[in-house]
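Novice: Sharing a structure, written as structure tokens. Questions coming.
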Amino acid sequence: SSGPAGDVYRIPVRAATAEILPGVRTQVLGYGGGFGGPTIRARAGRPVRMVYENTLDAPVNVHLHGGHVPAASDGHPMDLIQPGGSRAYDYPNTQRGATLWYHDHSHGTEAEHVYRGLHGFYLIEGEDEAALRLPAGPYDVPIMLRDSAFDANGELIFFGDPAERSTFLANGKVQPYFPVAARKYRFRLLNAGNERVFRLNLGGVEMIRIGSDGGLLPAPVPVTELVLASAERADIVVDFGRHPVGTRLVLSDGTTPVLRFDVVAQARDTSRVPDRLRPMPSFPAAAVERDVAMSFDLSGSFPVGLVNGRPYDPDRVDFQVKRGTTEIWRVINADTIGIDHTFHMHLAQFEVLDRDGAPPLPQDAGLKDTVHVPPGGSVRVRATFTDHLGRYVYHCHYLEHSSIGMMGQMEVI
Ligand code: C2O
Ligand code: CU
Ligand code: CU
């Protein structure tokens with residue numbers, strides 16, 4: 001429905017079953033009916049209200065990842081919807097068009113909740129976007145990639161080694177195939193895996209990268225491999241019009257197939273990929289520089305995640321940020337066991353300035369809200385904190401890490 005709050009969506013959070021493996025019903029957590037919530041299509045400048053009703057017996061909440069939203073609607077990890085309760089989140093959509101997603105953020109249980117299915121797409125269409133004539137409508141397709149592990153009964157295994165989550169899912173299915181017409185498609189790829197770096201290829205076929213976490217890039221970038229770490233997004237255009245009907249193209253992680261495209265029909269195509277998409281915003285000079293080091297405390301009987309040497313404490317403000325300022329954060333992978341992290345900042349999207357002092361990688365291009373920080377690495381990012389005040393978290397987006405404390409809190413004042 002639609003009113004002064006904008007478009008309103010009502011979504012129960014509930015236990016459900018879904019067919020993920022062929023012919024098998026798997027128990028999942030669902031936004032609405034199944035594994036993965038409905039794709040919300042919003043317009044820049046037009047508000048949306050999402051109303052969630054928690055029918056589970058555990059607290060949940062919902063965070064709009066990449067959303068520039070007031071603190072009361074951010075889904076702060078301690079701001080929960082109790083069992084039997086419901087909650088409205090208001091999203092102003094006062095930001096550029098972008099591929100965002102929404103997911104559970106209940107502190108300590110976010111990793112399990114997201115793994116079991118509390119994730120969905122939230123797309124914002126920019127005001128200026130239709131004029132670009134990129135593939136649209138049925139040719140603009142969100143694809144959620146993630147990994148999972150299943151037991152012999154086809155149930156999800158959460159309490160296990162994340163490295164053993166070797167079953168890859170595309171939109172909640174194992175190696176599905178997608179019939180396509182011989183024309184251009186826009187795919188909005190999301191890595192919704194809790195702890196995974198996807199290295200994607202189409203068997204050497206060109207993918208034209210047009211967007212990242214924060215929307216369209218300044219210009220298209222043709223690639224044959226795409227690196228997507230946990231919670232990162234990549235918008236790409238693939239031109240199946242270059243391939244005869246009958247061609248099969250397989251999207252793979254290295255050599256492991258994830259999703260197959262079958263070219264099944266001829267098609268007229270008036271879409272295009274313009275040479276210029278959308279310029280980067282200009283950032284004012286930074287007034288503040290900070291270090292953010294992610295590591296573990298492995299001295300106890302179970303590991304504790306740390307940011308700047310301390311585990312997350314909801315009652316502690318780690319950084320006070322003045323509204324209107326631009327800051328540079330140097331994010332450091334400081335653990336001693338050589339594992340990947342991805343750093344995610346709520347509220348603001350950022351520009352990646354450099355990696356270990358060297359120029360950023362191709363996957364760092366455009367506005368970002370999540371960045372891969374490999375073992376031993378450091379990444380400098382720059383963000384401007386505008387309008388909204390209050391407490392927001394930043395954390396490693398390996399959700400098993402944030403859930404054990406690898407998270408900090410800033411207060412915009
Ligand atoms: Cu995608 Cu704090 O989260
Ligand atoms: Cu987020
Ligand atoms: Cu981490």
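The values are calculated or read from the model by the stated rules, or taken from the named source; none is laboratory data. A quick note: this is a predicted structure, and the numbers were derived from the prediction, not measured. Backbone-built Cβ (ideal geometry, glycine too); neighbour counts: all protein chains shown.
Novice: Give the residue, chosen from GLY45, GLY23, GLY84, GLY36, that is on the phi > 0 side of the Ramachandran plot and within 16 Å of ligand 1 (Cβ to nearest atom).
Specialist: GLY36
Novice: ALA287 versus (1) away from ligand 1 (no atom under 16 Å from the Cβ); (2) of a type outside the set (Asp, Glu); (3) at pLDDT 95 or above: which is the lone unmet condition?
Specialist: (3)
Novice: Also, I was wondering about something else. Among the residues of segment 131-159 satisfying the criterion of being of a type in the set (D, E, K, R) and part of a strand (DSSP E or B), which is surrounded by the fewest Cβ atoms within 10 Å (Cβ to Cβ)?
Specialist: Restricting to residues being of a type in the set (D, E, K, R) and part of a strand (DSSP E or B), the top hit is ASP140.
Novice: Another question, then. Quick test for you: out of PRO77, PRO38, PRO12, PRO83, pick the one residue that is closer than 30 Å to LEU259 by Cα and in a loop (DSSP other than H, G, I, E, B).
Specialist: PRO38
Novice: Taking PHE296, is it within 16 Å of ligand 3 (Cβ to nearest atom), part of a loop (DSSP other than H, G, I, E, B) and at negative phi?
Specialist: For PHE296, the condition - within 16 Å of ligand 3 (Cβ to nearest atom), part of a loop (DSSP other than H, G, I, E, B) and at negative phi - is not met.
Novice: Go through segment 46-58 and count every residue that is under 22 Å from the mean Cα position of the chain (by Cα) and away from ligand 2 (no atom under 16 Å from the Cβ).
Specialist: Number of matching residues: 6.
Novice: Quickly run through segment 30-47 and pick out the residues that are touching an Asp or Glu at 6+ places or on another chain (Cβ under 8 Å) and either β-branched (Val, Ile, Thr) or within 22 Å of PRO176 (Cβ to Cβ) (or both).
Specialist: ARG41
Novice: Test LEU190 against the stated conditions and say whether it is assigned to a strand (DSSP E or B), closer than 28 Å to GLU19 by Cβ, under 22 Å from the mean Cα position of the chain (by Cα) and in contact (Cβ under 8 Å) with a residue 12 or more places away in the chain. First the steps, then the outcome.
Specialist: Details: assigned to a strand (DSSP E or B): yes; closer than 28 Å to GLU19 by Cβ: yes; under 22 Å from the mean Cα position of the chain (by Cα): yes; in contact (Cβ under 8 Å) with a residue 12 or more places away in the chain: yes.
Spelling it out, LEU190 is indeed assigned to a strand (DSSP E or B), closer than 28 Å to GLU19 by Cβ, under 22 Å from the mean Cα position of the chain (by Cα) and in contact (Cβ under 8 Å) with a residue 12 or more places away in the chain.
Novice: Restricting attention to segment 400-413, which residues are over 10 Å from VAL307 (Cβ atoms), more than 9 Å from ligand 3 (Cβ to nearest atom) and not polar (S, T, N, Q)?
Specialist: Answer for segment 400-413, where residues must be over 10 Å from VAL307 (Cβ atoms), more than 9 Å from ligand 3 (Cβ to nearest atom) and not polar (S, T, N, Q): ILE404, MET410, GLU411, VAL412, ILE413.
Here's the yes/no breakdown for (1) more than 30 Å from THR26 (Cα to Cα); (2) within 13 Å of ligand 2 (Cβ to nearest atom); (3) crowded, with 22+ Cβ neighbours inside 10 Å:
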site: ASP90; (1), (2), (3): yes, no, no
site: THR94; (1), (2), (3): yes, no, no
site: HIS119; (1), (2), (3): no, yes, yes
site: LEU123; (1), (2), (3): no, no, no
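Novice: I'd like to know if segment 398-413 contains one or more residues that are closer than 25 Å to ARG278 by Cβ, modelled with pLDDT of 95 or more and touching an Asp or Glu at 6+ places or on another chain (Cβ under 9 Å).
Specialist: Among the residues of segment 398-413, not one is closer than 25 Å to ARG278 by Cβ, modelled with pLDDT of 95 or more and touching an Asp or Glu at 6+ places or on another chain (Cβ under 9 Å), which makes the answer no.
Novice: Here is a follow-up. Of all residues in segment 382-402, which are within 15 Å of ligand 2 (Cβ to nearest atom) and part of a strand (DSSP E or B)?
Specialist: Step one: filter segment 382-402 for residues within 15 Å of ligand 2 (Cβ to nearest atom), giving 383, 385, 388, 390-399, 401-402.
Hits for segment 382-402 are ALA383, GLY390, ARG391, TYR392, VAL393, TYR394, HIS395, CYS396.
Novice: May I pose another question? Does THR167 fit the bill of being closer than 21 Å to ASN191 by Cα, among the β-branched types (Val, Ile, Thr), within 16 Å of ligand 1 (Cβ to nearest atom) and not assigned by TED's automatic domain parsing to the domain that holds GLY390?
Specialist: no
Novice: Evaluate segment 223-237: report whether one residue or more is more than 22 Å from the chain's Cα centre (by Cα), touching a residue at least 12 places away in the same chain (Cβ under 8 Å) and part of a strand (DSSP E or B).
Specialist: The answer is no, given that none of the residues of segment 223-237 is more than 22 Å from the chain's Cα centre (by Cα), touching a residue at least 12 places away in the same chain (Cβ under 8 Å) and part of a strand (DSSP E or B).
Novice: Scan segment 314-330 and tell me whether some residue there is of a type outside the set (A, V, I, L, M, F, W, C), in contact (Cβ under 8 Å) with a residue 24 or more places away in the chain and touching a Leu at 6+ places or on another chain (Cβ under 8 Å).
Specialist: Yes, there is a match, as at least one residue in segment 314-330 is of a type outside the set (A, V, I, L, M, F, W, C), in contact (Cβ under 8 Å) with a residue 24 or more places away in the chain and touching a Leu at 6+ places or on another chain (Cβ under 8 Å).
Novice: Still on this structure, please answer the following. With the checklist (1) buried (at least 17 other Cβ atoms within 10 Å of the Cβ); (2) within 15 Å of ligand 2 (Cβ to nearest atom) in hand, flag the one item ILE328 doesn't pass.
Specialist: Among (1) buried (at least 17 other Cβ atoms within 10 Å of the Cβ); (2) within 15 Å of ligand 2 (Cβ to nearest atom), ILE328 violates only (2).
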